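Encoded as structure tokens, the structure appears first; notes follow it.
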Amino acid sequence: MKLNLTPPLKPSYWQQSIAPVGVLPALTGEHQADIVIIGGGFVGLWTALTIKEYEPDCKVVVLEQDICGGGASGRNGGMVMSWWPKISSLNVLCSPEESLFLANASERAISELGEFCLQHNIDAHFVQKGWLWTATTPAHVNAWDSTLKVCERLGAAPFERLSVEDLQRRTGSSSHLAGVLEASNATVQPFALVQGMRRVALEKGVSIYEKSGVTNIVSGNPVQVQTKGGVIAAQKVVLATNAWSTSIPALARTIAAVNSSIVVTKKLNEQQAWQGGECITDSQLLVNYYRKTHDGRIAFGKGTGAMSYGSIINEVFSEDTESIDMTRDDFFKIYSTMDKEIVEQSWSGPIDRTFDSLPVFGSLSAHNNIFYGIGWSGNGVGPSRLGGRILASIALERDNEWSQCSLVDRAYKPFPPEPFRYLGGRLVRRAVIRKEQAEMSGRDANVLDRWLAGLAPAGLEDK
């Protein structure tokens, strides 16, 4: 099984704003391990830490082609969210009882993350002030109603409706017309969190090799995991490769790699930024998401949905000019009084999106000792902690609520093969852009654009 290695992505603001911690040595020579984890981001490191928690004597090796956090985990918006916005999708997949279990577990994982940082002295700028789900055009007012109704039927009330006055005070912009608050959510400096997790994993006895991209996986018992410099014979392998999983033929149609971009402002004074610590999204499918940083900036992102042919992780997912321009334009629509020179940094990154916005876990067909957990769909910072429990449980063959949950070996809608995925994806994306531009301008989108937009995968929130 050949894997495609990709050049390092452009460093994000998060990676540039903390002191460098040094690169761990690359893999050389021949080694043996109980479990090899491919990918040194949130999912890979949570899996490694959970395995060591369950079985401290298990020999765990993490292989990362760049540095830990060099991929999506070090370049996202740092919004730690639950699965409550996806409760409709969960409720289709799971029983009501399991939907509640997974949503509640994802909410608890946010506080657990803060406790983990406190316990291990990780300065990841954890701030738990909630998330505002908003409408910035009349067409999107009450976009959350169906989600709140599902919560109500399940006996849960994670959201609070806000008055317009309270919402605009919290967001610092009159562009926000309506919204709800989910109080459990948080923000972090994502690269600082990854680096802290890496340190803890090393302290727990996990072996981590950076600049050690996997070039080939030879199935068998043991599995042979090959890099340019070495090889590891492992009893089991866990693929925590996010959007890079599209290079694995068995997983290529499970997800589509789509672009998201972020701009970061200069440091703002108190009059320029909103006063609360909430993170914010609007209700577009190509969602805007934004939050304040620890040093007084605004980080403003947009899921722009750009793709590459074959979902190859190239410059589209590193620094895409068109996507960054779209993001900057939307920032100034929301914060129209800001000086046009206030934006200081920008970058792009990949999202591994499934059709229903929920991740997929399992083992590769005919390879019952190679496991995967992919498809985080722009909401992996918090739920990746649960993903680590699921992957650790199935890799260690534990019979528990994680290995038996409905996200494992589940049915899912596959994306079409190339060239239809790329060509169709571009067609649908342009329709979504036109539809949302019309809605944001107070106009009705045309019928064809509405129909084509309905073919798009679910976004950050259920609608």
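Bear in mind that the values in this text are calculations on the coordinates, not laboratory data. Note that the structure is predicted; figures quoted are calculated from it, not measured. When we count neighbours, we look across all protein chains shown, and the Cβ atoms used for this are built from the backbone with ideal geometry, even at glycine.
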At 0.36 nm per residue, and after removing the present C-alpha to C-alpha distance, how many nm does the segment from ASP295 to SER365 gain when stretched out fully?
20.5 nm
Report the FRET efficiency, 1/(1 + (r/R0)^6), for GLU55 and ALA157, where r is their Cβ-Cβ distance and R0 is 35 Å, rounded to 0.05.
0.35
Would you pull out the residues with amide H under 5 Å of TRP83's amide H, same chain only if 5 or more places away, H placed 1.01 Å from N?
SER106, GLU107
Counting only C-alpha contacts under 8 Å and six or more residues apart, can you give the relative contact order of the chain as a whole percent?
22
Give me the percent relative contact order of the range 244-402, please, defined on Cα pairs under 8 angstrom at least 6 residues apart.
25
Given labels modelled 7 Å from the Cα in the Cβ direction, how far is it in nm from PHE332 to ARG199?
4.0
Order of PHE159, PHE371 under a 10 Å beta carbon neighbour criterion, fewest first:
PHE159, PHE371
Give a residue-ordered list of calculated ³J(HN,Hα) values for the range 62-72 (Karplus: 6.51 cos²θ - 1.76 cosθ + 1.60, θ = phi - 60°; whole Hz; x for Gly, Pro).
10, 10, 10, 6, 10, 10, 4, x, x, x, 4
Residue-wise, which Karplus ³J(HN,Hα) couplings in Hz belong to the range 144-157, taking 6.51 cos²θ - 1.76 cosθ + 1.60, θ = phi - 60°, and x for glycine or proline?
8, 4, 5, 5, 5, 5, 5, 4, 5, 5, 8, x, 10, 9
Using θ = phi - 60° and the Karplus curve 6.51 cos²θ - 1.76 cosθ + 1.60, what whole-Hz ³J(HN,Hα) does each residue of the range 281-298 get, with Gly and Pro shown as x?
9, 9, 10, 6, 5, 7, 5, 8, 9, 7, 6, 7, 9, 4, 9, x, 9, 10
Whose amide H sits under 5 Å from the amide H of HIS120, counting only residues 5 or more places off or on another chain, with H placed in the peptide plane?
none
Distance in nm between GLN235 and ASN4 label points, each 7 Å along Cα→Cβ, equals 3.5
Simple SL model, points at 7 angstrom along Cα→Cβ for ARG426 and GLU112; separation in nm is 4.3
Got a sec? Which residues in the range 16-36 would a label at GLN226 touch, if it sits 7 Å along Cα→Cβ and we count backbone N under 20 Å?
26-33, 36
Which of LEU90, LEU49 has the fewest other C-beta atoms within 10 Å, and how do the rest follow up to the most?
LEU49, LEU90
Other-chain or far-sequence residues with amide H under 5 Å of ASP320's (modelled H)
SER348
The residues LYS86, LYS2, sorted from fewest to most surrounding Cβ atoms within 10 Å, come out as LYS2, LYS86
